[in-house]
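Participant: Next up is a structure, given as C-alpha cells.
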Amino acid sequence: MTLATGIFFVAAVLGVVYLAADRDRKRVAAGRPESGNGIMRRLPSVEQIDRLTYRTVMFGFPVWTFGVIAGAIWADQAWGRYWGWDPVETWAFITWVLYAAFLHARATAGWRGRRAHYIQLLGFISLTFNILVVQVFIVGLHSYAGVN
C-alpha cells in the first residue's frame, strides 16, 4: 500500500502539472502573454503529460488492488473475516473505485484531459483523506484514534 501511495502521489503531481500546463496553453491560445517563468516552456506537451499520468495510474492501480486483496487475506488470518467495513477498509475501497473510474473513463468513454485528471485527483484526495483523517481521528481496527 505504501508503494501504491507513492505511485499515486507521482500521478497526482503529474495531474496538477497537467492542469497548470493546460491552463497556460489556453491562456497563450487566447492571446494573453506567456507566464513569466520559463518552466511552462520546458515542460513536455500536455498530451505527453496526460499519457504519462495515465500510465502511472495504470502501474499503481494493480499495486493498490494487490494491497487491498493482501489486506483482506491478512484480515481473515488475524480477525477471522476478509472484510468488515472498517473505516480504513471502506476508504481504501472508495479510493480503488475512484481510480477504477478514472481508468474506465479513459478506456471506454475516451475521456482525456481535464475531466479525467479531476477524477484522478479526486482519487488521490480520497487516499490522502484516508491516511490523514480516517486513520487518525476515526476509531477502528486500523486507526490511531484514541491511542495515547
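None of the figures in this text is laboratory data; all of them are computed from the coordinates on show. Nothing here was measured: the structure is a model prediction, and the numbers come from that model. In this analysis, Cβ positions are derived from the backbone assuming ideal geometry, glycine residues included, and neighbour counts consider all displayed protein chains.
Participant: Is segment 14-27 home to any residue that is exposed (fewer than 13 other Cβ atoms within 10 Å of the Cβ) and in a helix (DSSP H, G or I)? Show your work before the answer.
Facilitator: Filtering segment 14-27 down to residues exposed (fewer than 13 other Cβ atoms within 10 Å of the Cβ) leaves 26.
When the remaining residues are screened for being in a helix (DSSP H, G or I), the result is 26.
Yes.
Participant: Here is a follow-up. Consider segment 102-131. How many of its residues are more than 11 Å from the chain's Cα centre (by Cα), of a type in the set (Gly, Ala, Ser) and at negative phi?
Facilitator: Selection size over segment 102-131: 4.
Participant: Separate question: Can you pull out every residue in segment 1-47 that is of a type in the set (Gly, Ala, Ser), more than 20 Å from Ala92 (Cα to Cα), out of contact with any Asp or Glu (no Cβ under 6 Å at 6 or more places or on another chain) and without any contact (Cβ under 8 Å) to a residue 40 or more places away in the chain? First the steps, then the outcome.
Facilitator: Taking segment 1-47 first, the residues of a type in the set (Gly, Ala, Ser) are 4, 6, 11-12, 15, 20-21, 29-31, 35-36, 38, 45.
If we keep only those that are more than 20 Å from Ala92 (Cα to Cα) as well, we get 15, 20-21, 29-31, 35-36, 38, 45.
Those still in the list that are out of contact with any Asp or Glu (no Cβ under 6 Å at 6 or more places or on another chain) too: 15, 20-21, 29-31, 36, 38, 45.
Ala20, Ala21, Ala29, Ala30, Gly31, Gly36, Gly38, Ser45, listed by residue number.
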